[in-house]
Every structure is written in C-alpha cells, then in structure tokens.
Amino acid sequence: MPFVTLEDQSLRDGLQFERKTLPLAEKLSIFRLLAASGFKRIQVGSFVHPQIVPQMADTDEFVQIVRAEARDILVSALVLNEKGLKRALKCGLSRLSMSSSASNSHSLRNVKRPAAEAFAALIELIRQALGSGVQVSAGIQCAFGCVYEGVIDEEKVLEMAVRLAETGASEIELADTTGMANPLQMRRVVSNVRAAIPNLPIAIHLHDTRGLGLANMLAAHETGINLFDVSAGGLGGCPFVKGASGNIAGEDAVNLFEQIGVGTGIDLKALCKVVDRYEELLGRNLPGRMNRVITSRIISCE
C-alpha cells in the first residue's frame, strides 16, 4: 500500500496566535493524544520571545518532557534566530524547522525584514544548526502566492529551493502560507522543484483559506509528494496574513488518503478525540469536517 507521512503542527502553528494560552499540562495531554492516534512527527512549539508569542513561553520545558517520554516520535520546533537556535540546542532537539518568505511584503510584516535580507539570515542560521549536528527542514513561505503582492515568481521559488538544498538541509518545505494555491499551480511548482532537487525530500505545508487545501494536497501527492503538514481540527491562522485560516485539518487529510487507498498510520477516530479536546479547551468548534461527520454517525446510531 502507498504511504504518506503527516506531521501534526497544531501545537505550534495551530496554537501560536490563540488568545487563550493553554497551560503546559493541557499541551502535554494533547501531545499524548496525538501520539496515541499514530503521529510519528509532531511539531510542538517555537523558540520565540514569550512576550511576542505568549503561547510558546513554555516551549523549552515542553520539548524536554516530550523528548523523554516519546522517543519513537520525531519532535521538532520552529527556530527564527540565533537566540532561538541556542535554546533549541540546549533542549537537545535533533530536528528543527526554519523558513523565510518569497514575498517581500509578507516578510516585512512577519519578521520586519526585507525578503532578501531574511533569506540570507536563514541560510546562515541553517549552516549554524547543521554545524551543531541537527537536521533542518528549510521552508519557503508564500511559495504559491501572497495576499499583499499577488502572484509570486515561480523562478524565485525555484532558486530559493535550490539554494536551501545546497546548505545541506534534510528536506525542503513549500508553504502555501496565504492559501492561494490551485491544483494546476501546485503540480507545476512542485514538479519543477522536484526536478531541480531530485534527491531531497519535499514537504508541503497548506492552509485552507480558500477551500482548495485538500485539492492541492491531492495534486501534490500525484506529483510524488508523500510528506505533508497538518493541524488537528484545522486549528490555526496568522495575524500577518489577511483572512488566514489554519492548516489542513489532520482528520480530513487522513480521510482523503484512506479513500484513495493510501496509508497514513493514523487512527481517524483517535485523532478526532484530539479535535474534541481542542474544542473543549478553546470553547468553539474547529473547521475540520471529519470530526463532525463521525460524531453525527455516532449520534444517529444510538
């Protein structure tokens, strides 16, 4: 059976801008539920200033706890600068995520740096991380479009991907940060990047802002991609992107691949328990579809 790997990022990308800050104990309970559902890759936080992103203030302690109790799971976190890298190395992480934007406007809003300057800093940060013996997933934000600039030059994305590959990063991630991709564009961009760096894994990070997330996921898979980021319940969003929504709901991605005979190693009903827990903690329904489908079936059968 064909197989894809899904990495849950709800504890980082999903929670980072939530107004309600979850205590460490609740984050740990979510992590354990994700692990029990079958995820083998989980991104648990980011090493950023706690005053800027209060939700991530306990990332150091969180990482140390989950690394000790879940040795069969690849735990990762996001790093943005040298201070964050030092914290991550101190926690003993073996894999880090780093990225910069293909959009100058988005880069200025997100990290207050022009895109070219931010990318040069990213290259140096990756080299420092690799020199310290950790693996790096190197990402390109706004690879498929920007709400502020519109169409992003595909040649620029290709050039960025090649340069990131040359640093020695273990994988390259293409992010549809603003949810503007369409399936035809997805096939074209991914195919070009794969042809340019054929020996390096490519991951796809999708936001479902315009409702094409699953269609884009399928299009990427049809070009040979088997590594995707997801977020339980579709949790997430970004204040630097107008109208931003969360990542593809993990439960919807699992259902998509199950329907076409592709394995994920994730138990759909167990994953829906994660969504239930998030909804209880946050006090609202999340946008993912399959949890509602499964819940409605249970109710109708009673």
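The values are calculated or read from the model by the stated rules, or taken from the named source; none is laboratory data. Only a predicted model underlies this, so the values are computations on that prediction, with no experimental measurement involved. Note that each Cβ is placed from the backbone with ideal geometry, even for glycine, and that neighbours are counted across all protein chains shown. The accessibility values were calculated without ligands, DNA or RNA, using every heavy atom of the protein model including side chains. Shrake-Rupley method; radii C 1.70, N 1.55, O 1.52, S 1.80 Å.
Within segment 41-181, what whole-number % of the accessible surface is contributed by carbon and sulfur, with the 1.4 Å probe and all protein chains included in the calculation?
On the way: 2890 of 5850 Å².
Result for segment 41-181: 49 percent of the exposed heavy-atom area is carbon or sulfur.
Quick one: compute the contact order of the chain, relative version, from alpha carbon pairs under 8 angstrom and 6+ residues apart, as a percent.
Numbers: 600 pairs, mean separation 59.6, N = 302.
Averaging sequence separation for qualifying contacts and normalising by length gives 20 percent for the chain.
Measuring with a 1.4 Å probe in the full set of protein chains, what accessible area per residue, in whole Å², belongs to the chain?
On the way: 12950 Å² over 302 residues.
Counting only protein heavy atoms, the per-residue value for the chain is 43 Å².
What does DSSP give for segment 63-158 in terms of the percent of beta bridges that are antiparallel, rounded to the nearest 5?
Details: 1 of 10 bridges.
Counting only bridges with both partners in segment 63-158, antiparallel ones make up about 10 percent.
Would you mind telling me the share, in percent, of accessible area of segment 233-294 contributed by carbon and sulfur at probe 1.4 angstrom? Walk me through the intermediate numbers first.
Working: 1230 of 2520 Å².
Answer for segment 233-294 is 49 percent, counting heavy atoms of protein chains only.
Using 0.36 nm times the number of residues separating residue 26 and residue 273, minus their current alpha carbon distance, what extension gain do you get? It would help to have the intermediate numbers written out before the result.
Working: separation 247, 0.36 × 247 = 88.92 nm, distance 1.38 nm.
The span from residue 26 to residue 273 would gain 87.5 nm if fully extended.
Out of all DSSP beta bridges in the chain, what portion is antiparallel? Express it as a percent rounded to 5.
Of all bridge pairs located within the chain, approximately 5 percent are antiparallel.
How would 208, 153, 13 line up by accessible area, probe 1.4 Å, largest first? The partial results should precede the final answer.
Details: 208 45, 153 95, 13 10 Å².
Result of the area sort, largest leading: 153, 208, 13.
Treating the beta-carbon of each Lys and Arg as +1 and of each Asp and Glu as -1, no other charges, what is the dipole magnitude of the chain about its Cα centre, to the nearest 20 debye?
Working: 32 positive and 33 negative charges, 85 e Å.
Computed charge dipole of the chain: roughly 400 debye.
Can you give me the relative contact order of segment 160-289 as a percent, contacts being Cα pairs under 8 Å and 6 or more apart? Write down the numbers at each step before the final one.
Numbers: 197 pairs, mean separation 27.9, N = 130.
Relative CO of segment 160-289 lands at 21 percent.
Using the Cα centre of segment 36-88 as the reference point, and only Cβ charges (+1 on K/R, -1 on D/E), how large is the resulting charge dipole? Debye, rounded to the nearest 20.
Values: 7 positive and 6 negative charges, 39 e Å.
Dipole magnitude for segment 36-88 comes out near 180 debye.
For residue 127 and residue 289 in one chain, what is 0.36 nm times their gap in residues minus the Cα-Cα distance, to one decimal in nm?
Numbers: separation 162, 0.36 × 162 = 58.32 nm, distance 4.05 nm.
Gain on extension, residue 127 to residue 289, equals 54.3 nm.
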